[in-house]
1. Taking region 177-192, which residues are among the aliphatic types (A, V, I, L, M) and surrounded by 19 or more Cβ atoms within 10 Å (Cβ to Cβ)?
2. Condition check: exposed (fewer than 15 other Cβ atoms within 10 Å of the Cβ), of a type in the set (A, V, I, L, M) and within 13 Å of Ala466 (Cα to Cα). Does Leu407 satisfy that?
3. Go through (1) at pLDDT 95 or above; (2) open to solvent by less than 10 Å² (accessible area, probe 1.4 Å) one by one and return the number of the condition Gly334 breaks.
4. For region 501-521, enumerate the residues that are crowded, with 19+ Cβ neighbours inside 10 Å and part of a strand (DSSP E or B).
5. May I ask you to list the residues in region 199-221 that are under 22 Å from Gln347 (Cα atoms) and either outside any helix (DSSP H, G or I) or touching a strand residue (DSSP E or B) at 6+ places or on another chain (Cβ under 7 Å) (or both)?
6. When region 113-155 is examined, which residues are found to be closer than 16 Å to Pro339 by Cβ and either open to solvent by less than 30 Å² (accessible area, probe 1.4 Å) or hydrophobic (A, V, I, L, M, F, W, C) (or both)?
7. Report, ordered by the first and then the second residue, all pairs with beta carbons closer than 9 Å, sequence separation of six or more or different chains, a first member in region 35-63 that is within 17 Å of Ile182 (Cα to Cα), and a second member that is of a type in the set (Lys, Arg).
8. Quick check on Asp183: is it in contact (Cβ under 8 Å) with a residue 40 or more places away in the chain and either more than 16 Å from Phe313 (Cα to Cα) or of a type in the set (Val, Ile, Thr) (or both)?
Amino acid sequence: MTAALRYLKPQIAFEPLICRWYAWPFLVSPGTFAMVVKNRLIPLLESFIDDPDFHRESAKDPALRGGSFVDFSGDVALAEALLEQLTSSTRKQMEFADALLMANDLLIRDGNGTSLEGLYDKLPKALRGFIELGYDLNNHGSVRLIEPLLYGSEFYNPGFQQVLLRNIGEEERAFVLVTPLIDTTAGVLLNDAFASSLYDELARSREHGLDGVAFDRLCSRLSESGADMSRVKDFFTDVPQIKRHTPCSDDELRVRYFGHASLLIEAPGLAILTDPSLGYETGGGIARYSFPDLPDTIDYVLITHNHQDHVMFEALLQLRYKIKTIVVPKSNGGTIQDPSLRLVLEQIGFESVIELDELQTMKVAGGTITGLPFLGEHCDLHIRSKLGFQIDVHGHRVMCLADSNNLDPAMYAHLAKVVKQPDVVFIGMECTGGPMSWLYGDLLPRRLRREHDQSRRLNGSDFERARKIIDLFEPRAVLVYAMGAEPWFTHITSIKYTAESAPIVESDKLVAHCAAKGMVAERLYGKREIRLRGDIIDMQ
């Protein structure tokens, strides 16, 4: 009798960590990591240790959701130990962050429009050879990081990377940008860098299972990475998941909404996934698409921009074995606020990463993918690593605008003249957004004045701005997405809407406006399927 295969259970989460903080792109790129350690991670732990009750009470206050409050009810001594480990292991990174601030001050003091050649000898030793000094056309000096060199230096340490495996339910997860993994007994900690094939083996076993020999080999690797094997074996079952994915028919383009900004766009011979984020199957909660609903191969993953809710390592590491190519926007090339997504993803084990530029088109089976200009949601910082996408396959066109904010309708008017009319527009309308300091404050050489911080926000289009986009392109369907509302996603965004929340009110207006014009219109939530066949748009 053939022995049963062993499958990773569907509710086992992969939580990627760097120095025991939930991993997002700014913690991988060496320049941003140094600044975030100095200005966020260490100060947060110090503040929590100084007054844990204040943090605990504030973290539970709905009015303070998303604030800088560590949500940990356990022994403060564990937080003290983590702080000591963090400060001792990141001394080089702290030195680099201090050096960046010194270089900035040097440019302010001596960068008066004359040659910058003499300033190189005045730079802190930690920066020498890793940066270029330069002016913009208004004689404002700035630093350009030579990012590839930094990845080969002591400032990048893949040994900081770990993954926590844990059995996850429908309970709310702590907001991960401000709460580290303080108590490691929450799951099983794996001490392998993200590029390790161990994570591919684990993820593949969820779908395909392992025979006895392969399972023993995996267990040996897990043990070598520091896993508590008495707990690991409970993460596996001999009950296979039922694969729910079915190919789409020859005459259609099918789009499945997986939550937030994650869309699976399929045509015969082609599978495209945008901004992957998946809810685990826990046996409860709202209906969702999850791992069994994905095809065997994902030809392209499209990343719209470099924010933590759109570049989800938790999903990407579990899908890496299925993904052929990731398509990312080009960056500014060395500015601290705009690290290269290509370099980040290559460092964590993705072998085929393509940079796409604005209005650059790449050929795919049955059609093309075109990068679209993207305004807004980046606090007026010069950041290039952001794109919308138009997918044109077998005569069907889907436009994905994510968090685009229509700051200048003239840009979209120009765009409407050079791209074909889409059948469906997906647009995000999280129009409140956090202040600039919420995401970019750690990178600034000086604290923003409050009025500047509050006015420069991480927000998308409201009704009027979204309406102008839709009225220009006149699609047959308008679907609001990227709202971060699904319950399995709030640990990333901290968002919980009410009927009175501005993004809900504004998106309701857009849905009503589009419906009045005869368009299919809806704000997506949970799961949805959209089928395009000829002139028919079928919502299921």
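1. Leu177, Val178, Leu181, Ile182, Val188, Leu189, Leu190
2. Answer is yes for this residue.
3. All conditions are met except number (1).
4. Ala521 - this is the single residue of region 501-521 that is crowded, with 19+ Cβ neighbours inside 10 Å and part of a strand (DSSP E or B).
5. Tyr199, Leu202
6. Correct list: Phe130, Ile131, Val143, Leu145, Ile146, Glu147, Leu149, Leu150, Tyr151, Ser153, Phe155.
7. Hits for this filter: Phe48/Arg56; Ala59/Arg65.
8. yes
The values are calculated or read from the model by the stated rules, or taken from the named source; none is laboratory data. Being a predicted model, the structure only gives us computed values, none of them experimental. Glycine also receives a Cβ, built like all others from the backbone with ideal geometry; neighbour counts cover every protein chain displayed. Each accessible area value is taken on the protein alone, full model and side chains, heavy atoms only, with ligands, DNA and RNA left out. Shrake-Rupley method; radii C 1.70, N 1.55, O 1.52, S 1.80 Å.
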